[in-house]
Amino acid sequence: MTRSVTTEPKTILVTGASGGIGKQTALTLAVQGHTVIMHGRNPDKTSSACAWVIEHSGNHNVHAHVADLSLMSEVVRFAAEIRESYESLDVLVNNAGGQFGSSRETTEEGHEKTFAINTLAPFLLTNLLLPKLCESPSARIVTVSSESYRQAGRPLLDDIELKHGYSLIRAYGFSKLYVWWLMRQFDARLKAAGVTNITVNTVEPGSAVTGLQRESLRKSPFMLPLVILWLPFMRTARHGARTSVYMASSPKVEGVSGEFWGNCRPKRIDPRWVSTDGERRIWDYCAAVCAPYLHDVAVPLSQCRTA
Ligand SMILES: NC(=O)c1ccc[n+]([C@@H]2O[C@H](COP(=O)([O-])OP(=O)(O)OC[C@H]3O[C@@H](n4cnc5c(N)ncnc54)[C@H](OP(=O)(O)O)[C@@H]3O)[C@@H](O)[C@H]2O)c1
């Protein structure tokens, strides 16, 4: 691929960049000439994805980092590594995500796995990297959600980690609804503090052929016929990456914040899925769970540019 610098070079972290949509996001951003930090969980897979991006973009400012984001302790270690390794950070793309089987599983730290990776990790990582993002003249937080939030039914706000009402569809759908709500709260809180140099947006990539369902299909084979029927309508991972790339780097969306995007356009949101009370309850829940991991990083809104 030939290099096409379309925007001023930035330093951009893409989580879950060892495969699927994240790897394609990293490739396009590298082709655009940015410094790209590729995060993955598996060391070999991440370093080979990084080598592949360097080879196909011709950009050598591409770096690999490894962390298991299902564990808050690892998110903390990873965030510190990023803060210390890079002089600046302009864009955080919270892309890593997972989907599991029809039986509820918990992490070593006791959290429902889907919630831990898809909701808690972006909340904690975004908080821990805010000090770095604050220093950027123009920072962006882009978080990958999913249209699946509409398939999970009414949110169970008294059973956030689904101790009683677990199902694969609920766990995945709610985790993507909650992470979107958290990003709306980040946006509202930054705006309320008068911060002018950080935008926060959520994106959905559309159905794309990636490794996302490999674990859920292995553990819940009843899903296989549905996926096979749906396959002709699915896009490539590269196509799925377009909106993430657009929100991470396009000058057309400079200053735009607080929206949900798909196909590089703001999406019309059904008001049934908007709930300020729900957003606050999820924020408070995540803030309480993450409190022990946030104590040494005061969110330095004072360092941000304010109106
Ligand atoms: N594909 C779709 O149709 C679709 C639709 C809507 C939304 N999304 C969202 O798009 C994002 C990217 O998913 P994808 O479809 O590209 O799936 P994917 O191919 O499975 O990629 C997911 C990435 O996240 C990483 N990851 C998973 N669990 C992790 C953990 N515990 N710690 C650190 N990294 C972890 C994976 O690492 P490994 O390689 O080690 O597994 C991989 O790099 C996800 O947030 C997903 O929910 C996808």
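The values are calculated or read from the model by the stated rules, or taken from the named source; none is laboratory data. Remember, it's a predicted structure, so these values are computed and weren't measured experimentally. Cβ sites come from the backbone with ideal geometry, for glycine too, and all protein chains shown count toward neighbours. These area figures cover heavy atoms from the full protein model, side chains too; ligands, DNA and RNA do not enter into them. Shrake-Rupley method; radii C 1.70, N 1.55, O 1.52, S 1.80 Å.
Dipole size in debye (nearest 20) for region 192-307 around its Cα centre, Lys and Arg Cβ +1, Asp and Glu Cβ -1? Before the final figure, lay out the partial values.
Details: 14 positive and 9 negative charges, 108 e Å.
For region 192-307, the charge dipole is close to 520 debye.
Once you have the Cα-Cα distance between Ala51 and Arg150, take 0.36 nm times their residue separation minus that, and quote the gain in nm to one decimal. Don't skip to the end; give the middle numbers.
On the way: separation 99, 0.36 × 99 = 35.64 nm, distance 3.71 nm.
Difference between extended and current length: 31.9 nm.
Hand me the tally of lysine pairs in the chain: alpha carbons under 16 angstrom apart, and the pair either on different chains or 8 or more positions apart. Walk me through the numbers on the way to the answer.
On the way: Lys10/Lys132; Lys10/Lys252; Lys23/Lys45; Lys113/Lys163; Lys113/Lys176; Lys113/Lys219; Lys176/Lys267.
Value for the chain: 7.
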So what is the relative contact order for the chain, in percent, with contacts set as C-alpha pairs under 8 Å and at least six apart?
20 percent
Under the Kirkwood approximation for Rh and a Cα-based Rg, what ratio Rg/Rh is obtained for the chain?
0.94
Can you compute the label reach from Phe233? Point 7 Å from Cα along the Cβ direction, backbone N cut-off under 19 Å, restricted to region 143-180.
146-153, 169-170, 173
Averaged per residue, the 1.4 Å probe accessible area of the chain, protein heavy atoms only, in Å², is roughly 44 Å²
Charge dipole magnitude, Cβ of K and R +1, D and E -1 - the chain, Cα centre, debye nearest 20:
940 debye
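Return the FRET efficiency for the residue pair Ser88, Phe222: r is the Cβ-Cβ distance, R0 is 51 Å, and the value is rounded to the nearest 0.05. Write out the running numbers ahead of the final one.
On the way: r = 47 Å, r/R0 = 0.93.
That gives a FRET efficiency of 0.60.
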Taking the chain as a Gaussian network, Cα atoms linked when under 10 Å apart, which of His63, His34, His164 shows the biggest mean-square fluctuation?
His164
Expected max-MSF residue from Ala17, Ala96, Ala152 in the GNM of the chain (alpha carbon, under 10 Å) is Ala152
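Shape verdict for region 245-294, please, from the Cα gyration tensor: rounded (a/c under 1.5), prolate (a/b greater than b/c) or oblate. Present the calculation step by step, with values, prior to reporting the outcome.
On the way: a/c = 3.50, a/b = 1.55, b/c = 2.26.
Cα axes put region 245-294 in the oblate bin.
Considering only protein heavy atoms and a probe of 1.4 Å, how much of the accessible area of region 11-303 is carbon and sulfur, as a whole percent?
On the way: 6400 of 12340 Å².
Using a 1.4 Å probe with all protein chains present, region 11-303 comes out at 52 percent carbon and sulfur.
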